């Protein structure tokens with residue numbers, strides 16, 4: 001592909017990126033309240049435990065209690081750091097570099113970036129865990145561009161899941177070495193009123209990377225809230241990325 005055509009593919013992605021950062025940030029700000037509140041609360045408990053000790057040296061029981069509080073603070077701090085680091089890495093990543101990437105790790109980062117933003121629409125993002133799940137699927141692609149595209153697809157899912165539900169993902173390897181990405185919406189209790197739409201630049205971007213992405217197709221799924229085998233309609237998007245450069 002010529003540099004001019006390549007730029008024509010990347011320009012729409014650049015235009016969409018600032019909007020995506022804003023949508024992710026709004027969800028992130030809400031999500032950060034959790035670990036920050038935990039850290040502040042257990043910091044106060046740790047100080048109270050130290051102040052309540054009658055001896056200059058903490059007893060073994062008090063030491064254990066304070067250590068537990070500090071471990072909760074550390075865990076909450078790591079969660080807050082990972083959330084903020086994720087959006088920072090997303091914001092500074094620039095499309096244009098093609099290399100071998102692990103698509104499973106890529107989808108995992110997309111899940112962490114988008115989950116806080118879609119939670120307000122009562123939607124969870126999760127990996128489909130079954131016997132066919134794999135932990136590594138190497139593809140030769142533009143990591144920053146692929147990540148942005150997948151983030152946009154997940155953030156657009158609420159329009160097709162009006163009553164809330166799940167966006168589940170799975171990665172598999174095809175016989176020719178290409179990587180297949182399977183995205184599926186599973187409504188809680190309502191059939192969709194609109195299609196899960198794929199922007200045209202997304203289609204062109206996958207094509208530029210040597211992959212494909214098909215239109216979303218309606219797919220029967222089991223109701224997430226019904227105890228019966230009631231079926232609702234979800235949307236499935238299947239995209240492929242090319243094999244690793246060494247394949």
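The values are calculated or read from the model by the stated rules, or taken from the named source; none is laboratory data. What you see is a predicted model, and the numbers here were worked out from it, not measured in a lab. Note that each Cβ is placed from the backbone with ideal geometry, even for glycine, and that neighbours are counted across all protein chains shown.
Take residue 41 and decide whether it is over 28 Å from residue 136 (Cα atoms), in a helix (DSSP H, G or I), at pLDDT below 85 and within 30 Å of the chain's Cα centre (by Cα).
Here the answer is yes, as residue 41 does meet what is asked.
Considering only the range 173-185, state which residues are part of a strand (DSSP E or B) and either outside the structural domain of residue 150 (by TED's automatic domain parsing) or over 19 Å from residue 219 (Cα atoms) (or both).
173, 179
Would you confirm whether or not the range 183-197 contains a residue that is at positive phi, surrounded by fewer than 19 Cβ atoms within 10 Å (Cβ to Cβ) and in contact (Cβ under 8 Å) with a residue 24 or more places away in the chain?
Taking every residue of the range 183-197 in turn, none turns out to be at positive phi, surrounded by fewer than 19 Cβ atoms within 10 Å (Cβ to Cβ) and in contact (Cβ under 8 Å) with a residue 24 or more places away in the chain.
Is it true that some residue in the range 198-216 is at pLDDT 90 or above, under 23 Å from the mean Cα position of the chain (by Cα) and assigned to a strand (DSSP E or B)?
Yes, because at least one residue in the range 198-216 is at pLDDT 90 or above, under 23 Å from the mean Cα position of the chain (by Cα) and assigned to a strand (DSSP E or B).
Which of the residues spanning the range 84-134 are closer than 25 Å to residue 180 by Cβ, surrounded by 14 or more Cβ atoms within 10 Å (Cβ to Cβ) and more than 14 Å from the chain's Cα centre (by Cα)?
Those that are closer than 25 Å to residue 180 by Cβ, surrounded by 14 or more Cβ atoms within 10 Å (Cβ to Cβ) and more than 14 Å from the chain's Cα centre (by Cα): 93, 95, 98, 100, 101, 102.
More than 21 Å from residue 122 (Cβ to Cβ), without any contact (Cβ under 8 Å) to a residue 12 or more places away in the chain, surrounded by 15 or more Cβ atoms within 10 Å (Cβ to Cβ) and in contact with a strand residue (DSSP E or B) (Cβ under 9 Å, 6 or more places away or on another chain) - does that describe any residue in the range 164-182?
Checking the range 164-182: not a single residue is more than 21 Å from residue 122 (Cβ to Cβ), without any contact (Cβ under 8 Å) to a residue 12 or more places away in the chain, surrounded by 15 or more Cβ atoms within 10 Å (Cβ to Cβ) and in contact with a strand residue (DSSP E or B) (Cβ under 9 Å, 6 or more places away or on another chain).
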